[in-house]
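The values are calculated or read from the model by the stated rules, or taken from the named source; none is laboratory data. Remember, it's a predicted structure, so these values are computed and weren't measured experimentally. Heads up, the Cβs are rebuilt from the backbone with ideal geometry, glycines too, and the neighbour counts pull from every protein chain shown.
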Amino acid sequence: MPTPPTSPGMRPDAPARWGVRMTPAVRMGASIAVAVGLYGVSFGALAVAAGLDVWQAVALSALMFTGGSQFAFIGVLGGGGTLGAAFTAASLLGVRNAVYAVQLNALLRPPPRVRPLQAHLTIDESTATAVAQDDPDEQRRGFWTAGVGVWLLWTLFTLVGALAGEALGDPTVWGLDGAAVAAFLGLLWPRLRDRDPVVTAVAAAFVTLVAVPFVPPGVPIILAALVSAALSLVHHRRNP
């Protein structure tokens, strides 16, 4: 059997499939895409439980495309908050992607026509995959593999989860009415590795618990997001 063709600079033992170079960055991005994309099932089911229909849930994944903000959005709606409060909470949590975008714009130097697409695919996972590479070409491969892969699978499995959630019926029977909070915690927990994120999480949780009895649904998460943003700003100024 003839060996697969290789491009200049490609290791002979690196498999080429469908014209894609299976470099370390591509493998990392693909594995992250599968792991994160599958989690879209839970978002789809929870979005329907919060009152969205199937296609609204899919549109939210395809267009908002940032897991933390999406879970905050449906968490506020599911808790009885207004659309405005849900949108505000989601927007505050999505500010971090703007910070990532500035970093990636300097790192990857995309042409102007590509910047809108790169901005849309700038999430935690695509950023982490890109910055983990040393070679500029690998940084680009990692970003696009993770970004496009997560977007495709996250949107697809949101549809699967939304259809399953719609089939389940009453969310309170299955405990889905409170599952958005658990899912959001599951999304957050792996990021609490250093002292500063733990302090931020504890402070935000404290503010939320204090605010719940006194403000309308949806407002506590906005206050928590503001506290998180303020503490993150202090952290970055202390450690530029």
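Tabulated data for the structure shown
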{"quantity": "Positions within segment 118-131 being under 16 Å from the mean Cα position of the chain (by Cα) and not charged (D, E, K, R), in sequence order", "calculated": "GLN118, ALA119, HIS120, LEU121, THR122, ILE123, SER126, THR127, ALA128, THR129, ALA130"}
{"quantity": "From the options THR82, THR129, THR66, residue that is within 20 Å of VAL212 (Cα to Cα) and among the β-branched types (Val, Ile, Thr)", "calculated": "THR82"}
{"quantity": "Residue among LEU163, LEU159, LEU188 that is part of a helix (DSSP H, G or I), under 18 Å from LEU93 (Cβ atoms) and either modelled with pLDDT of 65 or more or under 15 Å from the mean Cα position of the chain (by Cα) (or both)", "calculated": "LEU188"}
{"quantity": "Cβ-Cβ under 8 Å pairs, at least 6 apart or on other chains, segment 51-68 side farther than 10 Å from LEU159 by Cα, far side in a loop (DSSP other than H, G, I, E, B) and modelled with pLDDT of 95 or more", "calculated": "PHE65/LEU121"}
{"quantity": "Checklist (1) surrounded by fewer than 18 Cβ atoms within 10 Å (Cβ to Cβ); (2) within 20 Å of the chain's Cα centre (by Cα); (3) assigned to a helix (DSSP H, G or I); (4) at pLDDT 65 or above applied to LEU233, failing item", "calculated": "(2)"}
{"quantity": "Filter result (of a type outside the set (Asp, Glu), surrounded by fewer than 19 Cβ atoms within 10 Å (Cβ to Cβ) and farther than 14 Å from TYR100 by Cα) within segment 118-139", "calculated": "PRO136"}
{"quantity": "Filtered residue count, segment 132-151, keeping only those that are under 18 Å from the mean Cα position of the chain (by Cα), assigned to a helix (DSSP H, G or I) and closer than 13 Å to LEU104 by Cα", "calculated": "4"}
{"quantity": "Any chance SER91 is at pLDDT below 90, among the polar types (S, T, N, Q) and touching a helix residue (DSSP H, G or I) at 6+ places or on another chain (Cβ under 8 Å)", "calculated": "yes"}
{"quantity": "Test: residue in segment 89-109 that is crowded, with 21+ Cβ neighbours inside 10 Å, touching a residue at least 60 places away in the same chain (Cβ under 8 Å) and more than 12 Å from the chain's Cα centre (by Cα)", "calculated": "yes"}
